[in-house]
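Below is one structure, written out as structure tokens, with a few remarks after it.
None of the figures in this text is laboratory data; all of them are computed from the coordinates on show. Only a predicted model underlies this, so the values are computations on that prediction, with no experimental measurement involved. Glycine also receives a Cβ, built like all others from the backbone with ideal geometry; neighbour counts cover every protein chain displayed.
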Amino acid sequence: MTEHPLIYDLDFETLQNTLIEWGEPAFRARQIWEGLYHSLWNQPEEFTNLPKSLRNRLAETFSFSHLTPVQTLESGDGETSKTLFQLPDSRSIETVLMRYKERRTLCISTQSGCAMGCVFCATGQMGFGRHLSSGEIVEQVVYFARQLKKIDEVVTNVVVMGMGEPFHNYDNTLKAIACLNHSEGFNLGARRFTISTVGLVPMIERFAQENHQINLAISLHAANDELRSSLLPINKKYPISVLMNAVRRYVAQTGRRVTFEWALIRDINDTPEHARELAQLLKGLLCHVNVIPLNPTQKYHGEATTRERAEIFCEILQKAGIPATIRLRRGIDIQAGCGQLATQHAQTSEG
Ligand code: SAH
Ligand code: SF4
């Protein structure tokens, strides 16, 4: 694999400046982005809209792909598919495509592994590998867009909920979204993106100040510090009161509804008392709660809640005036929970 910079790492202005340095007209940048993000070309020779000399120079200077698909699994119902990619340094990441009615939602990764160590998360159990570059984040979307294009479909939404903590890799994540949102490029509206964070408070504050149109989700999972710290170690650094203050400021500043994620773990955080404690915490806040039965992982012994208990949990929230939805464990048969396929792959390749 070449060590050349990935072409998707360049924002529009940088590409334009590079071309001007090369003595090319500025409009070449538009032609290249058109090829990359509309035609979805991934080989320099496909850029027939450019002079051959420029095509050659691009090929010598840039890599056009860092992602090698290693394995793809389709769920039994055909609604979810998940691809394990290998990066040039042999690390792995996963991207999931979910089909729901007209929606084609991608769940993308921002890191290989994760440093946050949440006990029930397969990626957390793996530890930290490295940050992805913005181009490696972008390429996941472009890869699936190319697959979908073959069947006349398009990516409609992107959730940053794959491997890694996006706010631990803030700059590259936001740069990737800006690139995918750029009108000369992929042109996917900012409101079509959702970033999910475990709660890195300084970055939530920065995100609020920057006033993005991107949706924000917070992985809460517990409404008291003792329980949350036992599940999400980052809570020791940013306890619930500090986190909630930052979230309240975000909502006040942006006027945007925030989503809270809650993985229901049997007997651990799925009782009516837990629901009431959560309702109390979120009272008066412009928000929505997504409850998801836990996806079992190898290194955590907690079990998923039952459908009935999930319904009771949601009803308590709704009666307290807090919108709540049960999300299905989609793709459970293909280990679509984040990090699960990569864990399995690492084990098979080690063994
Ligand atoms: N690091 C970010 C985004 C990636 S994780 C974050 O933590 O928010 C995406 C979501 O999946 C988070 O809400 C996370 O708590 C949840 N999650 C991780 N492992 C899970 C599991 N085994 N079952 C259910 N949800 C899980
Ligand atoms: Fe990292 Fe999110 Fe998994 Fe926690 S839940 S370990 S923050 S990926």
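At q = 0.21, 0.23, 0.29, 0.34 Å⁻¹, what log₁₀ I(q)/I(0) does the range 195-236 have when each alpha carbon counts as one equal point scatterer in the Debye sum? The calculated log intensity ratios at q = 0.21, 0.23, 0.29, 0.34 Å⁻¹ are -0.69, -0.77, -0.99, -1.18. With helices as the sole contributors, the chain gives -11000 deg cm²/dmol at 222 nm; each DSSP H run of n ≥ 4 counts as -39500 (n - 2.57), and the sum is divided by every residue. By the rule of a C-alpha distance below 29 Å, with chain neighbours fewer than 8 residues away ignored, the lysines paired with residue 299 are 82, 236, 237.
Mean sequence separation of contacting Cα pairs (under 8 Å, at least six apart), scaled by the length of the range 68-350, corresponds to a relative contact order of 18 percent. Dividing the Cα radius of gyration of the range 1-145 by 2.2 N^0.38 Å, with N the residue count, gives 1.19. Taking 24 Å as the limit for the C-alpha separation, the pairs 101/150; 52/149; 101/319 exceed it in the case of 52/149; 101/319. With just the Cα atoms defining each centre, how far is the range 105-183 from the range 232-288? Give it in Å. When both Cα centres are located, 24 Å separates them.
Other residues with beta-carbon under 13 Å from the beta-carbon of residue 242 carry, at +1 per Lys or Arg and -1 per Asp or Glu, a net charge of +3.
Spin-label pair residue 72-residue 229: with each label point 7 Å from Cα along the Cα-Cβ axis, the two points sit 4.6 nm from one another. Radius of gyration (Cα atoms) of the range 7-61, expressed as a multiple of 2.2 N^0.38 Å: 1.00. Global size of the range 68-350: 18.0, 51 Å for Rg and Dmax (C-alpha atoms, Rg to one decimal, Dmax whole). Selection among 20, 37, 50 by position relative to the dipole of the range 7-61 gives 50 as farthest towards the positive end (Cβ unit charges, Cα centre).
How charged is the neighbourhood of residue 169? Take every other residue with its Cβ under 11 Å from the Cβ of residue 169, and add Lys/Arg as +1 and Asp/Glu as -1.
Numbers: positive: 130, 175; negative: 136, 165, 171.
Neighbour charge sum, excluding residue 169 itself: -1.
DSSP finds beta bridges in the range 68-350, and of those with both partners inside it, around 50 percent are antiparallel.
As a length-normalised measure over Cα pairs under 8 Å and 6 or more apart, the relative contact order of the range 155-216 settles at 39 percent.
Quick one: go through the range 181-221 and flag any residue whose amide nitrogen is under 20 Å from the point 7 Å out along the Cα-to-Cβ line of residue 26. 182-186, by backbone N distance to the label point. With 0.36 nm allotted per residue and the present C-alpha distance subtracted, the residue 328-residue 256 stretch has 23.5 nm of extension available. Between residue 306 and residue 119, the distance separating the two model label sites (each 7 Å from Cα on the Cα→Cβ line) works out to 2.4 nm.
Tell me the net charge near residue 223. Cut-off is 11 Å between Cβ atoms, residue 223 excluded, with +1 for each Lys or Arg and -1 for each Asp or Glu.
Summing Lys/Arg as +1 and Asp/Glu as -1 gives -2.
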